[in-house]
Amino acid sequence: MPQGKHTGNGLPPRKREMVLALLRSGHGIREICRKTHVAHDTIMGLRDIEIEQIRTGKEILAARCDRIAMRGTDHLIAQLDHPNAATTLSPQQLVPIIGVAIEKSIMLRADPTIHVLHQHTHKHLHAHITETSVDNILAHLPDDVTDSQGESIPVIDVPPQKALPNESG
């Protein structure tokens with residue numbers, strides 16, 4: 001780096017790491033100055049370098065998440081096209097892997113225009129599902145669902161399916 005820039009390159013390694021550790025843990029610049037006796041401009045320079053390294057690391061992780069999502073989606077499509085082919089991951093394993101990879105890719109990019117809303121509205125049931133229990137579950141579901149802003153989310157009414165001729169019951 002050109003001379004005159006405050007990069008922290010002249011700091012002893014232990015002091016440089018101490019400053020970086022304090023920056024990472026959220027301490028203020030003035031507080032770090034008092035604790036380490038390092039100049040304000042030097043700490044600011046180290047912070048800028050650290051921020052760029054974090055940004056680069058996030059970009060790399062986001063690209064890897066994109067790659068996982070794409071490969072997982074390709075793998076899932078291949079399984080759907082050829083259901084009898086031997087595979088290492090089932091669709092039940094691939095779907096959450098793809099979903100997490102996509103979500104992490106979005107979150108790592110930290111685009112302020114992207115809003116991810118998580119809404120966990122179902123209850124976990126640990127029982128054998130029977131026709132009676134399904135009817136009971138359906139009876140307890142809300143007629144309308146709202147998002148975090150109180151806006152109504154449309155509920156799709158799906159008619160019950162008739163049993164196929166080769167199914168018993």
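The values are calculated or read from the model by the stated rules, or taken from the named source; none is laboratory data. All of these numbers come straight from a predicted model, not from anything done at the bench. Virtual Cβ from ideal backbone geometry, glycine too; neighbours counted across all protein chains shown.
Structure values in brief
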| quantity | calculated |
| --- | --- |
| Every residue from region 71-99 that is touching a residue at least 12 places away in the same chain (Cβ under 8 Å) and hydrophobic (A, V, I, L, M, F, W, C) | LEU76, LEU89, LEU94, VAL95, ILE97, ILE98 |
| Qualifying residues in region 37-81 (those that are among the polar types (S, T, N, Q) and under 30 Å from GLY10 (Cα atoms)) - the one farthest from the chain's Cα centre (by Cα) | THR42 |
| Count of residues meeting criterion [surrounded by 13 or more Cβ atoms within 10 Å (Cβ to Cβ) and assigned to a loop (DSSP other than H, G, I, E, B)] in region 75-88 | 1 |
| Any hit, region 118-139, residues being under 30 Å from ARG24 (Cβ atoms) and at pLDDT below 75 | yes |
| Of residues in region 4-56 being small (Gly, Ala, Ser) and buried (at least 17 other Cβ atoms within 10 Å of the Cβ), the one nearest to LEU108 (Cα to Cα) | GLY45 |
| Subset of region 63-84 [more than 12 Å from ILE102 (Cβ to Cβ) and of a type in the set (Asp, Glu)] | ASP74, ASP81 |
